[in-house]
Amino acid sequence: MKHRTYFDNKQLNYIIENGELSEAAQMLFELQCNDWQMCRDNYEQLKNVRLKEFRFGSYKIKAQYNPGRLISTSAKVDPKSIQERKCFLCEENLPPEQKGIIYKNSYSILINPYPIFPIHFTLTNLQHQPQRIIDTFPDLLSFSKDLSKKFTVIYNGPRCGASAPDHLHFQAGNKFFMPIDDEADLISNEFGEIIIDNEEIVALAVDDGLRKFLHIESANENQLIKFFNHFYKVYSDILNESQEPLLNIISFYDSEFGWRLIIFLRAKHRSHHYYEQSDKQILVSPAAIDLGGVCIFPREEDFNKLNEELIKEIFSEVFIDKSLLDKIIKSLNHII
Ligand SMILES: [Zn+2]
């Protein structure tokens, strides 16, 4: 592991050089909250956000009323709007107070100043290049391993949740903040269909009534990459996609068991509620954190309207349907 820091801070440099990345990231967070008032205020405000919890049998979905996320939730991500704005992840456009830790000479670990997690990072590539998982999947794995002591790492596809689809980035946040970090094994036991199960790798397809996803576990990086590449091809073929098929990933690493990946299989970025007029409109843009069980609502009027039925409606629209999931299972079985 090789890191360089923008900070000239002896203690931070020492931690980085000794290879405990999640400790270094935590310290970066503390230093930034000391030096950067807007960042500190936003994290302070997060402690007072309103939460609701909805139960769906054996699992739960939380809702967070978070006005700080309005810009991100309502971000215009069409190519024209993207082209017309300055990229907010490029180094020259970062706020002057923002500093980071360089990771493997290709990414910068930055504090997200508009947080959802109690500690929330954006892991941005140093180059301005499109959001794309097929050749950066190994980076997702290594980030989640290196940050695993404290954090979970997520990926949002360029057409289903990434607010900077033109600049490659992952995010990281506190482990077990999203209910799925705790509940995935339980959910998959109850609702999963096994695709592969051998000594090296286990993969299941899951339809829990709200979400359709793949659950993959392995301690072997090469096996994971191989399986992901198979899946990516199958998924693209079935959806007849030339661009990246719609997906979000949560990568959770445990030093004893290895990686556990949740790959959400998406049909749409936003449900029809987003596009309704006046009081029918609900501003919600489901991405990995929402689907992992913490749904973000930046407007209070939307948050107040929530009930189980509405959550179910929003979720069922943005996932692929059961027949597509069955096709994916069949094709993956066939290849393996
Ligand atoms: Zn950029």
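Here are some notes:
- Residue in segment 317-336 that is nearest to ALA267 (Cα to Cα), counting only those that are in contact with a strand residue (DSSP E or B) (Cβ under 7 Å, 6 or more places away or on another chain) and surrounded by fewer than 16 Cβ atoms within 10 Å (Cβ to Cβ): LYS322
- Segment 113-141: number of residues that are open to solvent by less than 20 Å² (accessible area, probe 1.4 Å) and not in a strand (DSSP E or B): 11
- Among the residues of segment 248-269, those that are out of contact with any Lys or Arg (no Cβ under 6 Å at 6 or more places or on another chain) and within 16 Å of GLY292 (Cβ to Cβ) comprise ASN248, ILE249, ILE250, SER251, TRP259, ARG260, LEU261, ILE262, ILE263, PHE264, ARG266.
- Qualifying residue in segment 125-134 (condition: modelled with pLDDT of 90 or more, in contact with a strand residue (DSSP E or B) (Cβ under 8 Å, 6 or more places away or on another chain) and more than 16 Å from the ligand (Cβ to nearest atom)): yes
- Single residue of PHE191, PHE177, PHE213 found to be open to solvent by 10 Å² or more (accessible area, probe 1.4 Å), away from the ligand (no atom under 16 Å from the Cβ), closer than 27 Å to LEU283 by Cβ and not small (Gly, Ala, Ser): PHE177
- The single condition from (1) in contact (Cβ under 8 Å) with a residue 24 or more places away in the chain; (2) surrounded by fewer than 21 Cβ atoms within 10 Å (Cβ to Cβ) that ASP182 fails is (1).
- Of all residues in segment 91-108 being under 20 Å from the mean Cα position of the chain (by Cα) and within 16 Å of the ligand (Cβ to nearest atom), the one that is modelled with the lowest pLDDT: GLY100
- The residues in segment 159-174 that are closer than 17 Å to ILE250 by Cβ, modelled with pLDDT under 95 and either hydroxyl-bearing (Ser, Thr, Tyr) or within 16 Å of the ligand (Cβ to nearest atom) (or both) can be counted, and the count is 1.
The values are calculated or read from the model by the stated rules, or taken from the named source; none is laboratory data. Bear in mind that the values here come from a model prediction, so they are computed numbers and not experimental data. Heads up, the Cβs are rebuilt from the backbone with ideal geometry, glycines too, and the neighbour counts pull from every protein chain shown. Side chains included, ligands, DNA and RNA excluded: accessible areas come from the protein's heavy atoms. Shrake-Rupley method; radii C 1.70, N 1.55, O 1.52, S 1.80 Å.
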